[in-house]
1. What are the residues whose amide H is under 5 Å from the amide H of His81, where those residues sit 5 or more places off or on another chain and H is modelled from the backbone?
2. Estimate the FRET efficiency between Tyr45 and Gln147 by the formula 1/(1 + (r/R0)^6), using the beta-carbon distance for r and 45 Å for R0, to the nearest 0.05.
3. Within the stretch 1-48, list the trypsin sites (Lys or Arg not before Pro) lying in a DSSP loop whose Cβ has at most 11 other Cβ atoms in a 10 Å radius.
4. Once amide H atoms are built 1.01 Å from N in the peptide plane, which residues 5 or more positions from Ile146, or in another chain, come under 5 Å H to H?
5. Per 0.36 nm of contour for each residue apart, how much would the distance between Asp79 and Ala29 grow if the chain were fully extended, relative to their Cα-Cα spacing?
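The numbers here are math on the coordinates, done by the rules we state, and not lab data. Treat the numbers as computed from the prediction; the structure is a model and nothing was measured. When we count neighbours, we look across all protein chains shown, and the Cβ atoms used for this are built from the backbone with ideal geometry, even at glycine.
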Amino acid sequence: MRWDDDRAREHVARVETLLSTLDAITDEAARARAIETVQALIDLYGECLGRIMDRIAGTEAAAACAEDELVGHVLLVHDLHPLPVEQRIRRALEQAGQRDVELVGVEGRVARVRLPEGGTCCGSGAAAVEGILAVAAPEIERVDAIQPEPVSRKTLIPVEALLTPLRAGTGDGP
């Protein structure tokens, strides 16, 4: 029987806890072997996933794999996710109802977004966008929020011109 998403998340948390304890191994040789063993397993599974993704690339099956929360994150770990980071971010913002947040670009591990006028979205501004991106694009380490340019509200006729009397016949009014 397959795990539901909640059980998968619990297992991920357990694995993260176990991995964090590797540094506590006092015997350097044992710690090195344990870390090497874990890395060898990760590499082996990554190679297996890579071969699977090579065979299903461009198909609905590849998209379905990427859409699964657990599988999608494992694909990211191995740099095998079929969707580019920009597409994942735009999709996540749209799915979260943040159509007024614009992805300006991604450079390395930094995403730049333009917030709506007023600088807030989702109730708490850039922090909410960071939360959305943490799930959709965990490789992003920082979100730089760009505040929108203030809307210039130029008047057609400056107030000063209305208050300055015209000089009759001189042609040199305001």
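1. Leu76
2. Details: r = 43 Å, r/R0 = 0.95.
The calculated FRET efficiency here is 0.55.
3. On the way: sites: Arg2, Arg7, Arg9, Arg14, Arg31, Arg33; in loops: Arg2.
In loop regions of the stretch 1-48 (DSSP not H, G, I, E or B), the sparsely surrounded trypsin sites (Lys or Arg not before Pro) are Arg2.
4. Val113, Arg114, Leu115
5. 15.0 nm
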